Structure formats: structure tokens, C-alpha cells
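The values are calculated or read from the model by the stated rules, or taken from the named source; none is laboratory data. Just so you know, these numbers come straight off a predicted model, no measurement behind them. Glycine gets a Cβ as well: all are built from the backbone with ideal geometry, and neighbour counts include every protein chain shown.
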Amino acid sequence: MIRSTADAPARFSSNWIPLVCPGLFGSAGLRLFFALSMGVLVANASAADPLETNGTLNASAELANPHLKQMGIKECQACHSQPGFLYPKLGVTQFVRLTEAVQWNERDKHAYAYELVRIDQLSESEFELPEKQSNRRARDMHTKLGWKQGDNQFERKCLSCHAGTNPQDELDSSHFRDNLIYGVQCEACHGAAEKYLQTTEHQQPTWRAKSPEEKAALGMTDLSNAAICAEVCLSCHLGNIQQGRFISHDMYAAGHPPLPPFELQTFLDAMPPHWGTIHQKPYENEFAEDKTSFQFEHEYLTRHFTGMDSKSTQQIRQEVQSSFERTKRSMVGAMVSQSSALQLVQDAANQPASWGDYSLFDCMGCHQTLYKDRSRYRPEGRVPGRPFPPHWSSLSDTALEAVSPAVEINTKLNQAFNKVPFGDREKILQDSLLFTQFQSDRRKRWIGFSKEIIDSQSTREWLIALIDEQSPKLTDYWVAKQTAWIATIVVRELIEKNELEASRIEADLDSLHRILHLDLNTPQKQSVLTEQGTTLQTAQSFDVEAVRYHLDSISNKLQSSVK
């Protein structure tokens, strides 16, 4: 039986956690307990043995294997709700706090993604409650779409994102049903735990010495890599047909809210984070002899940052601390958004039933009346009557793309979508090999770029180039919003690192936030429906020239390079 929202806060009660190992009631915890008892776990073991490679991330490193079995959040909660007394002594909590499940449950919006759309076990009077408007919308969508109980349409088309399920899940199993209440839980993003929970090394400090490829082979997704993290997020926040995560136009017409543009670092901040960045580690630990470093730090850093093998831990840490990691995530997130959008087009072309679905296209291409002044919606290079994919995710040719095939790709896409209304599927299929090679090369590049150190000059140059490139597209509300989000992340990191004076530029950021309604910090259990009206109203009437003025002002101030 699926519990109600009222039951949810109690699902992470830690009163039962034992002192030795919180995972004791699970098979993984039991194995770890015996390892500890026998003295197998050696906190100061050499990191040379677990790994003999140089830690370079293979560009073919994949996301979590969708064919592995998800073990359920209780397996993760067992350790990640409260550290047992041995973990601090072993140095584990210098790297991971082991309170992540509690933080996620109490603060992260993903924890209630299912609760906001469930319609079972709710009475008619409950549907009318103000806090159930999202559930009411979900019920109405079921009715309008003609979905019936038992046809699994809701499970396949909604829960793939609202509960992080996979196409091969056994929908009638008690394991599947019992885990729905937890929404988008740990394994939906971190990878199915079937294999990595079979080894006790996952609970040991030596796990940090393993390369991302080794962890991926065991099912764990390397979310510390910005490109891979963005791919995971975008599978729902843009769509992934191969994973069964695709909002059709019928679903939008039935009431699903429009998806906003995606900005990786902004979205991570809004979750909010239940993890710590490398800049925040090591955490305080009274038992640690070395308060400035965590065990296997050198191995961990050399496997996650490029060109560090010959440097000391202190040298690497200094470089990492100076790196503009938040900006890097924004950079990479923008590029991966564009790749994911192209992948959607390719996948739709390979599935005739999906091709031509209106959700593949920019909403304003048809719904131009959403803008009060229709004359301002005139995208460059578009034949009238030919909708295009969303402009916020169109392929970029910014300073990051010094020698870019994106121009050729854009040309071929424009030809396909200008040829006939809603695009020429045969033209897309003809160019499929070119697109596939482009996607593969691009993915290698951004996975590798995610391991590089980003300096202040690169940060400035990229934002200046992005603002210049996006300027003609700012009549599109989603483009304006995404660009302003990115500008906010970059500028505030420059200020944080004392590379820019806040007094010179904060007024521009404040104006952009007011004009474009950029705030994502809604309460955890609040539906996006409460924001939908404001968003559409802003899209209709926002001051394009004011947005352009403030973005140009930011660009000019960055070019002056005055702290």
C-alpha cells in the first residue's frame, strides 16, 4: 500500500539506527559488519592497489546501467541517514557526512515528485484542498488522455520522471510499489545499486581511489562530472525518448505544465544540495590526525581533474580551490542541453510514431499569441509556417567552440526544419551518421572539459561570448531566462572569488531577476502550478530591451576587468 504525504516525514526516522553500522539490517551492511569485525577494513591502506590506471576519465564512461536492479532507498538510507560510531574513526565522515538521506528528505523537491501527482487513495474532498491542486491536475490529465486503471500509462509515461522508474521495471511488484512514495530517490540519479552494494568497498575510504569508470562498471553514475550530471538531469528536464521520458503534446494539452529552460547549476542550487562539493571537504572530524585532508585525497583528485598526476595533493587542492567550478557546471550544462535536444530529434526521427509530435518544437512557434506583441517573435533563418525546436537549446558556437562543427550541424537542421512543416524526417535520417558522430565527439569533449581547471579569464570570456551570441534571441522568454540564470551564476562566482566588485554589478542582476521572474526557490511540497500563471504572464510582457541592456551592461563590466 502506498502511504500518504502525511506519512512521508517519518520515512527517514533515525531512532532505530545501530551504533556499529547503520546498514546492519541490509545485506551490504551485514557484510561490512563482518569485515570490520575481522579487521579487513584498514583505514590507512595504500591506494595504489585498487587502481593502476592514471585516472583519466574514459569518454565512453556511461550513465547508470538501466538494466541493473534498483535496491530501494532503504538500502541507501541505512548508512546515509546517520553515521555509526565507527565511521568517524575510520575517516569516512571527512569525505561524506552520512546524513544525505535526511537532508534530501527534508529539503529536496525530488523527494515529493511522486506525491504531487499521485491520485490513488485520495477522496473527492481531498482533491479540492488547495495543497492538492497538482494532484487534481494529474487526475484531470488522466481523464482527458483516456487513461484507465491497469493500463500502466501513468506508470510508463509519468513515473519515469516523477519516481525515477525504468522501462523494464516490474510494475506489479511490491518492491516497485513500495518505493514510489520516495519520489525521485537515490538510485534514479546515482545509479542502480545492485552491484556496488555487493562490495563492502563502497563503504570504505578506498572507494574514493577507484576511477569513475570502475564505479560506472558497478552501476554508480559519476555525478561529480558536470557533463554526466547534466545528462542525468536533462533526461527528465528536457526528455529522453530511449529512457521513456518524453512529454508528448497530448500530455501538455491535457494540463502538464510547460518545462522551463534548463540551467544546471541553478537547478542544483534550487534542489537544494544534499551533498558537499570538493571545495567544502574535508569535513570536520575530531578523530582525524590530518584536519586539512581526507584519506585517498590525492587519488580522488587525480581521477577527477586532468593533468594532476605529477603534482602534490596540496598543489592540486590549491588549483581546484581556485577553479570556477560553478561556472564550469553552467558552461557544460548549456552545451549538454544542446546535445540532448539534438538527441531528441534523432530519436524521434528513428521512431515514426514520435516524429512530428508538437512537443518537439518551440511552443511560441505556433502559440505566438502568448506574446502580446507578435512582431517581436521573428527568429532568424526561419521560413514562416515552419516551427523549430526550442531556441534555448539550439546548438551554440560560443568561445567554447573554437573550431566547431556546430555551424554545419545547425545548417543541416535548418534545412530539414525549413523544408516542410514540422521538419523533414527523411532529411534527418539521411544526416543521422553525421549527427551521431558529432554527438559522440561532443560528449567526449564535455566529459573531458568537466575535469579541467577553469580560471577567471576563461570565465569572463565565455560569458561575454554567450551574451553576445544570445542577444538576437532574447525576444524568446526561455532564451532570456536561461541566459540570465547563467549570467547570475558566473557573476556571483567572480564576486565570491574577489574577481569582481559586487557594487558594480549587483544592480544588473537584481533587475534581471525582477524582470524575468528567475526565482526557483519554491517550498519543497509546492507544485510548479502555482508559478505557471506568473511565468506565462512574464513571458507575454517582459521588457526585452531592458533585459538586453542589463546583459550588455554585465558584459561591458566584465570586459573592463576592474575588481
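Check whether at least one residue in the stretch 291-306 is surrounded by fewer than 16 Cβ atoms within 10 Å (Cβ to Cβ) and basic (K, R), and report yes or no.
Looking for residues that are surrounded by fewer than 16 Cβ atoms within 10 Å (Cβ to Cβ) and basic (K, R), one finds at least one in the stretch 291-306, hence yes.
Restricting to the stretch 161-195, what's the tally of residues that are of a type outside the set (A, V, I, L, M, F, W, C), touching a residue at least 60 places away in the same chain (Cβ under 8 Å), assigned to a helix (DSSP H, G or I) and over 24 Å from F95 (Cβ atoms)?
Residues in the stretch 161-195 being of a type outside the set (A, V, I, L, M, F, W, C), touching a residue at least 60 places away in the same chain (Cβ under 8 Å), assigned to a helix (DSSP H, G or I) and over 24 Å from F95 (Cβ atoms): 5 in total.
When the stretch 298-333 is examined, which residues are found to be assigned to a helix (DSSP H, G or I), of a type in the set (A, V, I, L, M, F, W, C) and over 23 Å from E499 (Cα atoms)?
L301
Does at least one position in the stretch 249-272 carry a residue that is touching a strand residue (DSSP E or B) at 6+ places or on another chain (Cβ under 8 Å) and not in a helix (DSSP H, G or I)?
No, every residue in the stretch 249-272 fails to be touching a strand residue (DSSP E or B) at 6+ places or on another chain (Cβ under 8 Å) and not in a helix (DSSP H, G or I).
So which of A192, A230, A254, A209 is of a type in the set (G, A, S), over 30 Å from T488 (Cα atoms), in contact with a Leu (Cβ under 7 Å, 6 or more places away or on another chain) and at pLDDT 95 or above?
It is A254.
Just a yes or no: is a residue in the stretch 318-341 basic (K, R), at negative phi and without any contact (Cβ under 8 Å) to a residue 60 or more places away in the chain?
no
Taking helices (runs of 4 or more DSSP H) that fall entirely within the stretch 429-520, which contain at least 2 residues that are charged (D, E, K, R) and in contact (Cβ under 8 Å) with a residue 60 or more places away in the chain?
The helices (runs of 4 or more DSSP H) meeting that bar are 432-449, 456-470, 477-496.
Filter the stretch 335-362 down to residues that are hydroxyl-bearing (S, T, Y) and in contact with a Pro (Cβ under 9 Å, 6 or more places away or on another chain) and give me whichever is farthest from T436 (Cα to Cα).
Out of the qualifying residues, it is Y358.
So Q198 clears everything in (1) modelled with pLDDT of 90 or more; (2) assigned to a loop (DSSP other than H, G, I, E, B) except one condition, right? Which one?
(1)
Condition first: at pLDDT 75 or above and of a type in the set (A, V, I, L, M, F, W, C). Now tell me which residues in the stretch 365-385 satisfy that.
C366, V383
Restricting attention to the stretch 158-171, does a residue exist that is over 29 Å from V345 (Cβ atoms) and surrounded by fewer than 23 Cβ atoms within 10 Å (Cβ to Cβ)?
yes
Evaluate the following for L223: is it assigned to a loop (DSSP other than H, G, I, E, B) and either closer than 23 Å to T165 by Cα or touching a residue at least 12 places away in the same chain (Cβ under 8 Å) (or both)?
Considered against the rule, which asks whether it is assigned to a loop (DSSP other than H, G, I, E, B) and either closer than 23 Å to T165 by Cα or touching a residue at least 12 places away in the same chain (Cβ under 8 Å) (or both), L223 comes out as yes.
Can you name the number of the only condition in (1) part of a helix (DSSP H, G or I); (2) surrounded by fewer than 18 Cβ atoms within 10 Å (Cβ to Cβ); (3) touching a residue at least 40 places away in the same chain (Cβ under 8 Å) that V407 fails?
Evaluating V407 over (1) part of a helix (DSSP H, G or I); (2) surrounded by fewer than 18 Cβ atoms within 10 Å (Cβ to Cβ); (3) touching a residue at least 40 places away in the same chain (Cβ under 8 Å) leaves (3) as the failure.
Would you mind finding the one in S46, S123 that is more than 30 Å from R139 (Cβ to Cβ), surrounded by fewer than 17 Cβ atoms within 10 Å (Cβ to Cβ) and either polar (S, T, N, Q) or at pLDDT 90 or above (or both)?
On inspection, the qualifying residue turns out to be S46.
Would you say N556 is part of a loop (DSSP other than H, G, I, E, B), modelled with pLDDT of 90 or more and more than 20 Å from H237 (Cβ to Cβ)?
Answer is no for this residue.
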